[in-house]
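**Student:** To start, I am sharing the structure in question, which I have written as structure tokens.
Rule-based calculations on the coordinates, nothing more; no lab input. Treat the numbers as computed from the prediction; the structure is a model and nothing was measured. Reconstructed Cβ throughout: ideal geometry from the backbone, glycine too, with neighbour counts over all protein chains shown.
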Amino acid sequence: MKRFFFILMVVLISSCNNSKKAEVENLKVVKKELRPFFDSDKIDHYYLEFSKRGFEHLVGENAQEIEKKKEFSHFFYGNYPDSIPKKSFEKLLLKYKYKKSILSTKQEKEIQSVFSEKDSLQNSGYACIAEYRDIFIFKKKEKTVGIAKICFKCSRFQITGSKIDTNGFGLWSELDRLKNIIRPGKKS
């Protein structure tokens, strides 16, 4: 009887260990290589810092200035560009006083990892109008291959040029990580 009980215990213990191994192996299988949204070798980051009052004084009220204000609003609040522009988008950003960040290679790699496939789904609503103060331009051999516009205030974004589904992008944790990469130590 003792021998039977001993054999039964050995079988039970070994089967528990095997099930734990199987669980660990299953977890390894679930994690997959996350592909970046853009096949790029360089990332440029442009940002804009000004108050609402500063925006109102950016342009006046004559016809040319109204047109300039409309053009600025189109990409600051709106969906421009909805495809990769033929002309230089960067010149337009500089025209409206966006500043170009100097990113280290480490920062570019970290930014690339944020802009990659996700297993999660972003499904929150937005309560504000986006103010796209941060714009990332992804380049391959000096040619623009993608643009990502980010509003850190309300977590809205627009990603243009990706061949990968970007629906999983935009979690608060990702955007906080992105903000910490480009503005380490700064509070909003």
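**Student:** If I model a spin label at R183 and I84 as a point 7 Å from the Cα along the Cα→Cβ vector, what separation in nanometres do I get?
**Tutor:** Distance between the two pseudo-spin positions: 2.9 nm.
**Student:** What are the residues whose amide H is under 5 Å from the amide H of R156, where those residues sit 5 or more places off or on another chain and H is modelled from the backbone?
**Tutor:** It is C151, by chain and number.
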